[in-house]
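The values are calculated or read from the model by the stated rules, or taken from the named source; none is laboratory data. These numbers were taken from a predicted model, which means no experiment stands behind them. Positions of Cβ are generated from backbone atoms using ideal geometry, with glycine treated the same way; all protein chains shown enter the neighbour counts. Heads up: the accessible areas ignore ligands, DNA and RNA and are worked out on the full protein's heavy atoms, side chains in. Shrake-Rupley method; radii C 1.70, N 1.55, O 1.52, S 1.80 Å.
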Amino acid sequence: MGELYAVVSGKGGTGKTSVCAGIATALAEGGKRVLCIDCDVGLRNLDISLGMSDSGNLSFLDVSEFGYDLKNAPHHGIFPTLSFLTAPMNRSAEDIDPAPFTELLHRAREEFDFVFLDAPAGVDAGFRLATTAADQFLLVTGAGPAAVRDAARVGELLELAGKRNVRMVVNRVDKSMLSTVRMTVDDIMDAAGLPLAGIVLEDPHVTLAAAFSLPLLQYASRCDAAKAYRRIAARVQGLYCPIPFR
Ligand SMILES: Nc1ncnc2c1ncn2[C@@H]1O[C@H](COP(=O)(O)OP(=O)(O)O)[C@@H](O)[C@H]1O
Ligand SMILES: [Mg+2]
């Protein structure tokens with residue numbers, strides 16, 4: 001039975017989509033069977049970060065409601081064990097029946113080692129769609145106090161929903177702060193009351209790769225963010241991978 005992760009945050013622009021694509025491609029690079037699902041209904045862009053904009057666009061609704069087989073989900077050209085379902089553009093999240101979507105996720109867990117759901121901003125219908133069936137959560141946040149407060153609130157919401165396995169990814173950390181980041185990260189974990197899955201440095205390659213519609217792990221395989229995504233992918237698999245503070 002595969003693991004079902006939702007990548008969430010209260011705010012938009014924290015890096016959910018980049019983190020989701022980065023970890024999913026890192027897992028697929030290691031041969032894991034991964035299904036990515038874009039849950040940002042109406043505003044999809046996970047296809048760009050995965051470098052799959054040209055791979056056809058089978059939406060999750062096509063599979064959950066319109067009879068397409070999960071096997072029709074396009075495979076990644078570089079990481080062939082990664083498949084992708086995009087978000088529908090012609091229906092709002094409020095109008096999506098969660099029952100067939102949940103059924104799709106159950107089937108996906110039988111066929112894949114990992115299923116990653118890229119959640120939209122906010123905590124409304126799209127968030128509920130992405131989180132209801134998930135049992136593992138990566139909460140993407142910046143390092144500033146406002147971002148952490150926001151993350152803490154989302155952590156509370158997930159706890160109220162009975163979700164326990166919530167870990168933070170602190171994204172866009174300034175490299176010059178790295179020497180003091182242990183302190184910062186401790187503060188962040190205390191403030192949010194959540195453990196850490198990893199930190200990702202501010203890295204221009206993330207935006208450049210998306211501008212070229214290429215997956216970061218292909219565009220700049222050894223850049224800081226790519227290394228961070230690989231480390232988080234290792235932790236997601238339960239491997240020992242200490243966070244490098246220097
Ligand atoms: N580690 C990073 N370093 C630099 N830019 C980043 C990083 N992570 C994300 N970004 C940029 O931040 C913007 C928002 O990222 P995105 O993944 O789309 O966030 P979200 O899905 O939360 O809205 C994008 O322009 C992306 O390229
Ligand atoms: Mg996004």
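Being surrounded by fewer than 22 Cβ atoms within 10 Å (Cβ to Cβ) and under 16 Å from Thr17 (Cβ atoms) is the requirement here; does Arg164 meet it?
Judged against the criteria, Arg164 is not a match.
Can you tell me which residue among Ser53, Ser59 is modelled with pLDDT under 95 and either within 13 Å of ligand 2 (Cβ to nearest atom) or more than 14 Å from the chain's Cα centre (by Cα) (or both)? First the steps, then the outcome.
Details: Ser59 fails: modelled with pLDDT under 95.
Matching residue, one of Ser53, Ser59: Ser53.
For residues that are surrounded by fewer than 24 Cβ atoms within 10 Å (Cβ to Cβ), of a type outside the set (D, E, K, R) and under 23 Å from Glu111 (Cβ atoms), scanning just region 8-38, find the one that is nearest to ligand 2 (Cβ to nearest atom).
This residue is Gly30.
What number goes with the only condition from (1) open to solvent by less than 30 Å² (accessible area, probe 1.4 Å); (2) closer than 14 Å to Pro88 by Cβ; (3) more than 14 Å from ligand 2 (Cβ to nearest atom); (4) not hydroxyl-bearing (Ser, Thr, Tyr) that Phe66 does not pass?
For Phe66, the exception is condition (1).
Which condition number in (1) at pLDDT below 95; (2) hydroxyl-bearing (Ser, Thr, Tyr); (3) in contact with a Phe, Trp or Tyr (Cβ under 9 Å, 6 or more places away or on another chain) is the one that Ser64 fails?
Condition not satisfied by Ser64: (1).
Quick check, is Glu3 of a type in the set (Asp, Glu), surrounded by fewer than 22 Cβ atoms within 10 Å (Cβ to Cβ) and within 23 Å of Ala125 (Cβ to Cβ)?
Numbers: of a type in the set (Asp, Glu): yes; surrounded by fewer than 22 Cβ atoms within 10 Å (Cβ to Cβ): yes; within 23 Å of Ala125 (Cβ to Cβ): no.
Criteria not met by Glu3.
Ala99: hydrophobic (A, V, I, L, M, F, W, C) and in contact with an Asp or Glu (Cβ under 7 Å, 6 or more places away or on another chain), yes or no?
Taking the combined requirement at face value, the residue does not satisfy it.
Assess whether Ser59 counts as being among the small types (Gly, Ala, Ser) and open to solvent by less than 20 Å² (accessible area, probe 1.4 Å).
Criteria met by Ser59.
Could you tell me whether Ala191 is small (Gly, Ala, Ser) and surrounded by fewer than 17 Cβ atoms within 10 Å (Cβ to Cβ)?
Details: small (Gly, Ala, Ser): yes; surrounded by fewer than 17 Cβ atoms within 10 Å (Cβ to Cβ): yes.
The answer is yes for Ala191.
Being of a type in the set (Val, Ile, Thr) and open to solvent by less than 20 Å² (accessible area, probe 1.4 Å) is the filter; apply it to region 84-112 and report the residue that is nearest to the chain's Cα centre (by Cα).
Of everything passing the filter in region 84-112, Thr86 is nearest to the chain's Cα centre (by Cα).
Identify, please: which residue in region 167-185 is modelled with pLDDT of 80 or more and surrounded by fewer than 20 Cβ atoms within 10 Å (Cβ to Cβ) and is, among those, farthest from Gly10 (Cα to Cα)?
So, considering only residues that are modelled with pLDDT of 80 or more and surrounded by fewer than 20 Cβ atoms within 10 Å (Cβ to Cβ), the one farthest from Gly10 (Cα to Cα) is Asp174.
When the residues of region 194-219 are narrowed to those that are part of a helix (DSSP H, G or I) and within 16 Å of ligand 2 (Cβ to nearest atom), which ends up most open to solvent (accessible area, probe 1.4 Å)?
The initial filter retains those residues of region 194-219 that are part of a helix (DSSP H, G or I), namely 204-211, 216-219.
From what is left, the residues that are within 16 Å of ligand 2 (Cβ to nearest atom) are 206-207, 209-211, 216.
Details: Val206: 36, Thr207: 97, Ala209: 2, Ala210: 36, Ala211: 80, Leu216: 16 Å².
So, considering only residues that are part of a helix (DSSP H, G or I) and within 16 Å of ligand 2 (Cβ to nearest atom), the one most open to solvent (accessible area, probe 1.4 Å) is Thr207.
Does region 84-118 hold any residues that are within 16 Å of ligand 1 (Cβ to nearest atom) and of a type in the set (D, E, K, R), and which are they?
Listed by number, the list holds a single entry, Asp118.
Could you list, ordered by first residue, the pairs with Cβ atoms under 7 Å in which the first is in region 17-32 and touching a residue at least 24 places away in the same chain (Cβ under 8 Å) and on the phi > 0 side of the Ramachandran plot and the second is open to solvent by 30 Å² or more (accessible area, probe 1.4 Å) and within 14 Å of ligand 1 (Cβ to nearest atom), at least 6 apart or interchain?
Pairs found: none.
Are any of the residues in region 221-237 away from ligand 1 (no atom under 16 Å from the Cβ), open to solvent by 50 Å² or more (accessible area, probe 1.4 Å) and out of contact with any His (no Cβ under 6 Å at 6 or more places or on another chain)? Explain how you work it out, then say what you get.
Kept after step one, since they are away from ligand 1 (no atom under 16 Å from the Cβ), are these residues of region 221-237: 234-237.
Next, only the ones that are open to solvent by 50 Å² or more (accessible area, probe 1.4 Å) stay: 237.
Now narrow it down to the ones that are out of contact with any His (no Cβ under 6 Å at 6 or more places or on another chain): 237.
Scanning region 221-237, I find at least one residue that is away from ligand 1 (no atom under 16 Å from the Cβ), open to solvent by 50 Å² or more (accessible area, probe 1.4 Å) and out of contact with any His (no Cβ under 6 Å at 6 or more places or on another chain), so the answer is yes.
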